[in-house]
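Take a look at the structure set out below.
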Amino acid sequence: MKTRLRVAATIEEGKLGGPQIYLMNVAKVLSDIVETVVIMPENNSLEFQQRCKDLDVPFILNPLTRISKGWRNVFRYIWYSPWEIFKLVRFFRQEDFDLVHVCGGSWQFKGAIAGKLAGIPVMWHLNDTSMPVLIRRVFGILSGLAKGYAYASERSKSYYGSYVKAGRFECTIPAPIETSRFDPELELPPEELLTELNGKLVIGTVANPSPVKNLETFLRMAAKLGEQNAQPLTFIVVGKVYVSQQTYFESLKHLSNQLGVSVCWAGPRQDVRPLLKRLDVYVCSSLAESSPISVWEAMSMAKPIVSTDVGDVPLYVKDGENGFVVPIGDVSLLADRVGQILQDSIKRKHFGKKSRQIALQNFDILNCGERHLEAYQLLCST
């Protein structure tokens, strides 16, 4: 007799990012009640695999071909998909799973198809707000495969609402974070970079250099702030540069040189908390987000937030309370709002305290985990 629910969590993207961190957080917090097995691609997933090992989250590797741009890649995806789906169906049946949790967005078709063919309830997690029309249309055709939907944000729910078949279970659960770990009062491991930041105001972001993160706006904001402030400022970008992002990353470095902006490209960090703790303002300049984990982590570390109007950020970053939200691409207003916070240490402290309160109320992993468990149990029992 089963003592725990068994959930197969499928994800077709191997690079470690927000959806992967979300998935591991949920699996970890529910591990006493739910046995989650993560099914990830063989390719480009070494960092994801290691993080699962560190957290004792079970995983298996599967030859999941990722859909990507270019007709050759699309043909390859279509050609290999039937065999990959067949392997998933066979695995789901052999392992006697109670639920398939499809993670990573609307283009994650294989887990949903395989779950339906295996006769297992499917919960499809949607965490994006910007997809090509063709992907959305295919999703609309396949959306009936899922018994329920978990949205990472109200904006994702609105974005996909017209595509989801009527009568399906739906819930909105923001990306969870460990607020007890992302706690500004904790003594944290030493960070070598911090010795270079003494006496400076630090503005930073955590983002892999991809176009959707819109780091051009971050750099142009930095240039404006440098012109307007006599105080010494430091700008930090934390994030891994993948091979596929190298050309774009070089263009960002070229732009920073053109603008005369000195940026510390800090690269990846196994533990980002020491750098977050040192920031005076956290900036999100993205073109699109849903439930941005990096913003929630910064809030949990009691940081003022200045962000573009993306995802559900406006629900949790309130103008004049814990930060500001500005229109996407508005460099002048972004610089102005960051400048306001930099000039007032009392405001920085007040905004940071409010950010921490909001994070505890909305993103704590225990609360979000309970809501996932409720969704799992409902979908398995009806």
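The values are calculated or read from the model by the stated rules, or taken from the named source; none is laboratory data. All values derive from a computational prediction rather than experimental measurement. Glycine gets a Cβ as well: all are built from the backbone with ideal geometry, and neighbour counts include every protein chain shown.
Being within 20 Å of the chain's Cα centre (by Cα), over 28 Å from CYS171 (Cα atoms) and among the aliphatic types (A, V, I, L, M) narrows it down to one residue among LEU276, LEU315; which is it?
Values: LEU315 fails: over 28 Å from CYS171 (Cα atoms).
Selected residue: LEU276, the only one of LEU276, LEU315 that is within 20 Å of the chain's Cα centre (by Cα), over 28 Å from CYS171 (Cα atoms) and among the aliphatic types (A, V, I, L, M).
Could you say whether any residue in the stretch 291-308 is among the polar types (S, T, N, Q), assigned to a loop (DSSP other than H, G, I, E, B), at pLDDT 95 or above and in contact with a helix residue (DSSP H, G or I) (Cβ under 6 Å, 6 or more places away or on another chain)?
Looking through the stretch 291-308, none of the residues is among the polar types (S, T, N, Q), assigned to a loop (DSSP other than H, G, I, E, B), at pLDDT 95 or above and in contact with a helix residue (DSSP H, G or I) (Cβ under 6 Å, 6 or more places away or on another chain).
Please determine whether any residue of the stretch 77-89 is in a helix (DSSP H, G or I), among the acidic types (Asp, Glu) and in contact (Cβ under 8 Å) with a residue 60 or more places away in the chain.
Taking the stretch 77-89 and keeping what is in a helix (DSSP H, G or I), we get 77-89.
After this cut, where a residue has to be among the acidic types (Asp, Glu) as well, the list is 84.
From what is left, the residues that are in contact (Cβ under 8 Å) with a residue 60 or more places away in the chain are none.
Looking through the stretch 77-89, none of the residues is in a helix (DSSP H, G or I), among the acidic types (Asp, Glu) and in contact (Cβ under 8 Å) with a residue 60 or more places away in the chain.
Can you report the number of residues in the stretch 139-167 which are aliphatic (A, V, I, L, M) and over 25 Å from ARG93 (Cβ atoms)? Reasoning before the result, please.
Kept after step one, since they are aliphatic (A, V, I, L, M), are these residues of the stretch 139-167: 141-142, 145-146, 150, 152, 164, 166.
Those still in the list that are over 25 Å from ARG93 (Cβ atoms) too: 152, 164, 166.
Going through the stretch 139-167 one residue at a time, the tally reaches 3.
Where residues in the stretch 216-239 are in a helix (DSSP H, G or I) and in contact with a Gly (Cβ under 8 Å, 6 or more places away or on another chain), which of them is farthest from ASP128 (Cα to Cα)? Before the answer, list the steps.
Narrowing the stretch 216-239 to residues in a helix (DSSP H, G or I): 216-228.
Filter once more, so that each one left must be in contact with a Gly (Cβ under 8 Å, 6 or more places away or on another chain): 217, 223, 225-226, 228.
Details: THR217: 21, ALA223: 30, LEU225: 31, GLY226: 33, GLN228: 36 Å.
Among them, the one singled out is GLN228.
Of all residues being of a type in the set (Gly, Ala, Ser) and touching a residue at least 60 places away in the same chain (Cβ under 8 Å) in the stretch 181-221, which is nearest to ILE305 (Cα to Cα)? Just the residue, please.
Filtering the stretch 181-221 down to residues of a type in the set (Gly, Ala, Ser) leaves 199, 204, 207, 210.
Those left that are additionally touching a residue at least 60 places away in the same chain (Cβ under 8 Å): 204, 207.
Numbers: GLY204: 10, ALA207: 15 Å.
Checking each candidate, the answer is GLY204.
Filtering the stretch 240-265 down to residues that are in a helix (DSSP H, G or I), surrounded by fewer than 16 Cβ atoms within 10 Å (Cβ to Cβ) and polar (S, T, N, Q), which residue is nearest to the chain's Cα centre (by Cα)?
My answer is SER244.
Of the numbered conditions (1) under 22 Å from LYS240 (Cβ atoms); (2) part of a helix (DSSP H, G or I); (3) touching a Cys at 6+ places or on another chain (Cβ under 8 Å), VAL26 fails exactly one; give the number of that condition.
So the condition that VAL26 fails would be (1).
Have a look at SER345, SER381, SER355, SER307 and point out the one that is out of contact with any Phe, Trp or Tyr (no Cβ under 6 Å at 6 or more places or on another chain), among the hydroxyl-bearing types (Ser, Thr, Tyr) and touching a residue at least 40 places away in the same chain (Cβ under 8 Å).
After applying the criteria, what remains is SER355.
Scanning for something of a type in the set (Asp, Glu) and farther than 19 Å from GLN377 by Cβ, does the stretch 26-35 turn up at least one residue? Spell out the reasoning first.
Filtering the stretch 26-35 for residues of a type in the set (Asp, Glu) gives 32, 35.
Applying the additional criterion that residues be farther than 19 Å from GLN377 by Cβ yields none.
No, every residue in the stretch 26-35 fails to be of a type in the set (Asp, Glu) and farther than 19 Å from GLN377 by Cβ.
Of PHE92, PHE59, PHE86, which residue is of a type outside the set (Val, Ile, Thr) and closer than 30 Å to ASP271 by Cα? Lay out the reasoning, then the answer.
Details: PHE92 fails: closer than 30 Å to ASP271 by Cα; PHE86 fails: closer than 30 Å to ASP271 by Cα.
Criteria check complete, one pass: PHE59.
Looking at the stretch 186-215 only, could you name the residues that are loosely packed, with under 14 Cβ neighbours inside 10 Å, polar (S, T, N, Q) and not in a helix (DSSP H, G or I)?
Of everything in the stretch 186-215, just one residue is loosely packed, with under 14 Cβ neighbours inside 10 Å, polar (S, T, N, Q) and not in a helix (DSSP H, G or I), namely ASN198.
Looking at the stretch 32-49, is at least one residue part of a strand (DSSP E or B), of a type in the set (D, E, K, R) and more than 27 Å from GLY311 (Cβ to Cβ)?
Our first condition is that a residue be part of a strand (DSSP E or B); within the stretch 32-49, this holds for 34-41.
Subsequent filtering for residues that are of a type in the set (D, E, K, R) retains 35.
Of the ones still in play, those that are also more than 27 Å from GLY311 (Cβ to Cβ) are 35.
Yes: one or more hits.
Filter the helices (runs of 4 or more DSSP H) completely within the stretch 104-185 down to those with at least 1 residues that are modelled with pLDDT of 95 or more and either touching a Pro at 6+ places or on another chain (Cβ under 8 Å) or of a type in the set (A, V, I, L, M) (or both).
Values: elements: 109-117, 133-142, 154-160.
Helices (runs of 4 or more DSSP H) meeting the threshold: 109-117.
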